[in-house]
Amino acid sequence: MVRICTPQARGIYRRRALRRDALVLAAFAVVFSVMAALPVARVEAIFGRAGLSFAVVGDSQGRNEVWDKAVDAINGARPQFLLHCGDMVASGTSRQYDDFLARARKLRMPLYTVLGNHDVKGDGRATYARLIRKDAYYSFVQKGYRFIALDSSSGSIDAAQTDWLRRELSASEPKFVFMHIPLHDLRPGGDHCFLDSKQAAELHQMFSASRVLAVFSGHVHVFARQEMDGVTYVTTGGGGALLYARAEQGGFHHFTMVRADGDRVQVEAVPVKAEIEEPRLTVRGPKGQVEMALGEIAAMPRCEVGTAFENKFGNLGGQGVYAGVRVAALVDMVGGMRPGQVLVVTSSDGYAQEFAYENVYPSAQWLSMQGEMLLAYEKDGATHPAWGEGPRIVFAPADGVYHNSDCAATSAAGQGWNVYESAGARWARYVRRIDVR
C-alpha cells in the first residue's frame, strides 16, 4: 500500500488515526475495568503469569556473623521476596527478636516468616506474635502461585491447622509450602523431622495430590533436595547456625534461590561466604578416632540443662542454660571405655582434666550428685564465636548446681578434687581432644 502525501491526504489520515486511537483507548479502558473488578489470582489466570523468583533461607539463629552476610547476598540476588523457614533467633527472647528485626530491615524485599523450635522457647511464641505477625500459619498469593506457611515448630501440626491446610490446598493455583521442621530428614539415617511418621506420610499425600510444586523447610543445618511423587522437598538450613555436615554433604552456609515459570521450578543453593573457623574436636578410643566440627556435634541428640558450678571459694560461676551432648555418646563412637580406664579431656591451651569411667557412665548414686557429664556447644542460645568458651565440659545435677561437695564425692583417686579443690576446675573450656586411655 502506498500513502499519498498531499495536505488533503494528511488531514484524512490524521482524522482516521485519531478515530483509531480513540477505539484502542476505549478497548484498554474496558480491559482495565474488568481487571480491576477481578481478584489478583483470577487476573493472573486469565492474562498469564510472568516468571517468579524468590529466595528461601532458614536457621539464622541470631548468628549474625553469617546472617549479616546472608542479608547482603540476598539483596544482591534481587529476589522478589524472601521466605524464612524459622529459627530466626536462638531462644525466643525479646532482645533476640529485636536484633533480628533490626538486621532484617536491611532487606530490600518483603519478608515472610514461620516459627522454628528455637523461636518458641520461653515466651518466644507470644513475642513473635507481638513483634512480627499474629498468625502462626497463613497463606498469600504472588503472581498466581499460592504460598502456604505452616507452623511445624513442635514437630507436628494440630487438627485445627490440618483442617485449615486442607482448605488452602483445595485452591486451584500451583502452590509452595514452607515450614521449619521437615516431614522427612533428607540425610541418610537422619531423624531431625516430624515426630509422627504417619502424619508426615499423610501430609505428603495431601501435597502430592494438590499441585504443591515444592516444600521448603529448615531445622536441619544443611542444603538438601529430593523429588517425591512430583513434589520437590528442599532443606535450606544454612542461614547462620552451626552446620550439621561437611561442605560436600551440604553443610555450607547458604540461601536458596527459586525460579518458577508455570509448573516448572528451578532451585539453586547460593553459598554465603562467612569467614568463621569452627572449632573441631578429635575423639580417640579403642576403635580409632573421629574428628568432628562443632555443627556435627550439634546434630547429635541434644541435651539442654540449666546449671552452674562452685569455685574453690564457694562462689557460683558459669550460670546459664547449656545445650550439648552426652560425653558417653562421643566415647561410644570410638569403642567406649572400660572401668579402670581414664578419659583425658584437653583444651586448646593445653589445660587437661582426667575423668573416671564412673564420671562418663555414672551409676544412679553418682548421677544424683554430679548429673550427666556433657560437652556443651551452646550457652544461653549463643554458639561459637559469640560464646567463646565452648565447647565446654559441664555437669548437670538435678538441683542445678555442681557443688564442691558433688565434685569431691565423684572424683577418683588422683583426679579432680583430689588434685585441685574446685568443682569449677572440672568444667574444662575450649575442648579440642578427648582420649580414652
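Give HIS184, HIS192, HIS221 a once-over and let me know the one that is farther than 22 Å from PHE81 by Cβ and touching a Cys at 6+ places or on another chain (Cβ under 6 Å).
The conditions single out HIS184.
Can you name the residue in region 176-189 that is free of Cβ contacts under 8 Å to residues at least 60 places away in the same chain and within 15 Å of the chain's Cα centre (by Cα) and, of all such residues, is farthest from ALA136 (Cα to Cα)?
LEU186
Sort out for me the helices (runs of 4 or more DSSP H) sitting completely within region 349-437 that have 2 or more residues that are in contact with a Pro (Cβ under 9 Å, 6 or more places away or on another chain) and not polar (S, T, N, Q). Lay out the reasoning, then the answer.
Working: elements: 357-360, 364-370, 404-409.
Here the list reads 357-360, 364-370.
Among (1) at pLDDT below 95; (2) in contact with a His (Cβ under 6 Å, 6 or more places away or on another chain); (3) not small (Gly, Ala, Ser), where does LYS312 come up short?
(2)
Does region 268-287 hold any residues that are touching a residue at least 60 places away in the same chain (Cβ under 8 Å), closer than 21 Å to ALA77 by Cα and either in a strand (DSSP E or B) or more than 22 Å from the chain's Cα centre (by Cα) (or both), and which are they?
Answer for region 268-287, where residues must be touching a residue at least 60 places away in the same chain (Cβ under 8 Å), closer than 21 Å to ALA77 by Cα and either in a strand (DSSP E or B) or more than 22 Å from the chain's Cα centre (by Cα) (or both): just VAL270.
Pairs only if they're at least six apart or on different chains, beta carbon under 7 angstrom, first in region 190-204 and within 16 Å of GLN161 (Cα to Cα), second among the small types (Gly, Ala, Ser); list them, first residue then second.
Every condition considered, the pairs that remain are PHE194/GLY155; PHE194/SER156; PHE194/ALA200; ASP196/SER156; GLN199/SER156.
Would you mind stating whether GLY62 is under 29 Å from ARG302 (Cβ atoms), crowded, with 18+ Cβ neighbours inside 10 Å and modelled with pLDDT under 95?
Working: under 29 Å from ARG302 (Cβ atoms): yes; crowded, with 18+ Cβ neighbours inside 10 Å: yes; modelled with pLDDT under 95: yes.
Here the answer is yes, as GLY62 does meet what is asked.
Residue by residue through region 221-267, note down the ones that are small (Gly, Ala, Ser) and without any contact (Cβ under 8 Å) to a residue 12 or more places away in the chain. Reasoning before the result, please.
Of region 221-267, the ones small (Gly, Ala, Ser) are 224, 230, 237-241, 245, 247, 250-251, 260, 262.
Answer for region 221-267, where residues must be small (Gly, Ala, Ser) and without any contact (Cβ under 8 Å) to a residue 12 or more places away in the chain: just ALA247.
Take the residues in region 329-356 that are among the charged types (D, E, K, R) and farther than 16 Å from TRP417 by Cα, then tell me which one is farthest from the chain's Cα centre (by Cα). Talk me through it step by step, then tell me what you get.
Of all residues in region 329-356, those among the charged types (D, E, K, R) come to 332, 338, 349, 354.
With farther than 16 Å from TRP417 by Cα added as a condition, the list becomes 332, 338, 349.
Numbers: ASP332: 28, ARG338: 38, ASP349: 32 Å.
If we take residues in region 329-356 being among the charged types (D, E, K, R) and farther than 16 Å from TRP417 by Cα, then ARG338 is farthest from the chain's Cα centre (by Cα).
This table checks each residue for (1) without any contact (Cβ under 8 Å) to a residue 60 or more places away in the chain; (2) crowded, with 22+ Cβ neighbours inside 10 Å; (3) out of contact with any Leu (no Cβ under 9 Å at 6 or more places or on another chain); (4) in the same structural domain as GLN96 (by TED's automatic domain parsing).
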{"site": "ASN315", "(1), (2), (3), (4)": "yes, no, yes, no"}
{"site": "TYR322", "(1), (2), (3), (4)": "no, yes, no, no"}
{"site": "MET333", "(1), (2), (3), (4)": "yes, no, yes, no"}
{"site": "TYR361", "(1), (2), (3), (4)": "yes, no, yes, no"}
{"site": "LEU374", "(1), (2), (3), (4)": "no, yes, yes, no"}
{"site": "PRO391", "(1), (2), (3), (4)": "no, yes, no, no"}
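Just checking, which of VAL325, VAL334 is in a loop (DSSP other than H, G, I, E, B), touching a Pro at 6+ places or on another chain (Cβ under 8 Å) and modelled with pLDDT of 95 or more?
Details: VAL325 fails: in a loop (DSSP other than H, G, I, E, B).
Being in a loop (DSSP other than H, G, I, E, B), touching a Pro at 6+ places or on another chain (Cβ under 8 Å) and modelled with pLDDT of 95 or more holds for just one of VAL325, VAL334, which is VAL334.
Among the residues that make up region 94-110, is at least one of them in a loop (DSSP other than H, G, I, E, B), at pLDDT 95 or above and surrounded by 20 or more Cβ atoms within 10 Å (Cβ to Cβ)?
So in region 94-110, the residues in a loop (DSSP other than H, G, I, E, B) come out as 105-110.
If we keep only those that are at pLDDT 95 or above as well, we get 105-110.
Pick out the ones that are also surrounded by 20 or more Cβ atoms within 10 Å (Cβ to Cβ) and you get none.
No - not one qualifying residue is present in region 94-110.
Test of understanding: among VAL431, VAL401, VAL419, which residue is under 22 Å from ASP332 (Cβ atoms) and of a type in the set (A, V, I, L, M)? Break it down into steps so the answer makes sense when it comes.
On the way: VAL401 fails: under 22 Å from ASP332 (Cβ atoms); VAL419 fails: under 22 Å from ASP332 (Cβ atoms).
That would be VAL431, the only listed residue that is under 22 Å from ASP332 (Cβ atoms) and of a type in the set (A, V, I, L, M).
Within the group TYR244, TYR322, TYR361, which residue is under 21 Å from ASP185 (Cα atoms) and among the aromatic types (Phe, Trp, Tyr)? Give the derivation first.
Values: TYR322 fails: under 21 Å from ASP185 (Cα atoms); TYR361 fails: under 21 Å from ASP185 (Cα atoms).
The conditions single out TYR244.
Among the residues of region 67-93, what is the count of those that are in contact with a helix residue (DSSP H, G or I) (Cβ under 7 Å, 6 or more places away or on another chain) and surrounded by fewer than 20 Cβ atoms within 10 Å (Cβ to Cβ)?
Result for region 67-93: 1.
The values are calculated or read from the model by the stated rules, or taken from the named source; none is laboratory data. Owing to the predicted nature of the structure, the values given are computational and were not obtained by experimental measurement. We place every Cβ from the backbone using ideal geometry, glycine too, and count neighbours over all the protein chains shown.
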